[in-house]
Amino acid sequence: MIFKRTVAVPWDDLDEGACAEDGAPDWSTLIVTGPTRRRDARGNVSLEWTVTAQCRPVNTA
């Protein structure tokens, strides 16, 4: 069975990585790692991926 899921990454999550108001993610540097299995206190298992992207200044010229 193939399971597909699309997840939106909130801008605030990317902004936290130092993309200030004058910067923007450089999507050509996007790296996705994972999955990592996480078990909660009730024993439920979830999968977690890590997404990173470099921030670049926005050209205002």
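Which order do peptides 27-37, 49-59 fall in by mean Cβ count within 10 Å, highest first?
On the way: 27-37: 9.8, 49-59: 12.5.
Top to bottom by mean Cβ count within 10 Å: 49-59, 27-37.
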* **Projected label distance in nm at ARG5 and ASP40, using a 7 Å step from Cα toward the beta-carbon** => 1.2
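Readers should treat all values here as calculations from the given coordinates under stated rules, not as data from a laboratory. None of these values were measured; they are calculated from a predicted model. When we count neighbours, we look across all protein chains shown, and the Cβ atoms used for this are built from the backbone with ideal geometry, even at glycine.
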